[in-house]
1. Taking springs between alpha-carbon atoms closer than 10 angstrom, which of Ala115, Ala104, Ala127 fluctuates most in the Gaussian network model of the chain?
2. Through the Karplus equation 6.51 cos²θ - 1.76 cosθ + 1.60, θ set to phi - 60°, convert the phi angles of segment 57-63 into ³J(HN,Hα) values in whole Hz; use x for Gly and Pro.
3. Looking only at Asn96, Asn136, Asn80, which one moves most when the chain is put into a Gaussian network model with springs between Cα atoms under 10 Å?
4. At Ala3 and Asp57, where each label point lies 7 Å from the Cα along Cα→Cβ, what is the point-to-point distance in nanometres?
5. For the chain, modelled as a GNM with alpha-carbon contacts under 10 angstrom, which of His58, His24, His155 fluctuates the most?
6. Which whole-Hz ³J(HN,Hα) couplings does segment 154-162 yield from phi under the Karplus relation 6.51 cos²θ - 1.76 cosθ + 1.60, θ = phi - 60°, glycine and proline marked x?
Amino acid sequence: MTADLVAALRDADAVRFGEFELSHGGTSDYYVDKYLFETDPRCLELIADAFAERVGDHKLAGVALGAVPLVAATSVATGNPYVIVRKKTKEYGTGNRVEGRFEAGEEVVVLEDIATTGQSAVDAVEALREAGAVVNRVLVVVDREEGASELMAEHDIELESLLTASDLLENQ
C-alpha cells in the first residue's frame, strides 16, 4: 500500500522539490501539495481505502478545509458518519466550530492531510473534546516527521500516518 500511495502522489505531481515556505513559517526543500492529491480521484480512493482499514466503526472528523475531501471519501468508503471541525468558531448562523452531529461521549477519529508540527490537529482534537467527544487518535496522509507525533503525545493523542516524509523522499 505504501508504495502504491507514494506512486500515486508522485503521479499526481503532489510531491515537489525546491524551496517552499510552510504554513507554520518554516521552510522546506520539498512540498506535499494536498490540493493536488485531494483532487486526484486515484489518490483520494487510495487514501480513503487506507483510512477505512484503520478507523473501525468510529465517527470521523475532518479538519476544515484540507481534510474535508478525505473525511467525505472515507465516510463513503466506510458508511461512518463524520463531522467537520472549523479552525475557529463561526461568527454567523449557528456559530458552530464543529459542524455535523455527534453524541457527547462518542469516540471520534480525526483525519488530517499533512502533519508538520501537529498543531492544527491538536487544535481540532481540543475543540472536539470541549464539545464532548472522546478523541484519542489522529490519522494523517503524510507525517512530515517534524514534531507532530511528539506534540500529539503531549496531548494524549496517538498519531498514525499512511506515509512519512521518509517514505516520500526515498529514492529521490
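Values in this text are rule-based calculations from the coordinates and carry no lab data. The model shown is predicted, which means the values in this text are computed figures rather than measured ones. Don't worry about glycine lacking a Cβ; one is built from the backbone with ideal geometry, like all the others, and counts go over all protein chains shown.
1. Taking springs between Cα atoms under 10 Å, the residue moving most is Ala104.
2. Karplus-based 3J(HN,Hα) across segment 57-63 equals 9, 7, 4, 10, 9, x, 8 Hz.
3. In this elastic network of the chain, the residue with the biggest mean-square fluctuation among Asn96, Asn136, Asn80 is Asn96.
4. For Ala3 paired with Asp57, the spin-label model returns 3.6 nm.
5. Highest fluctuation among the options: His24.
6. 4, 10, 6, 10, 8, 9, 10, 10, 6
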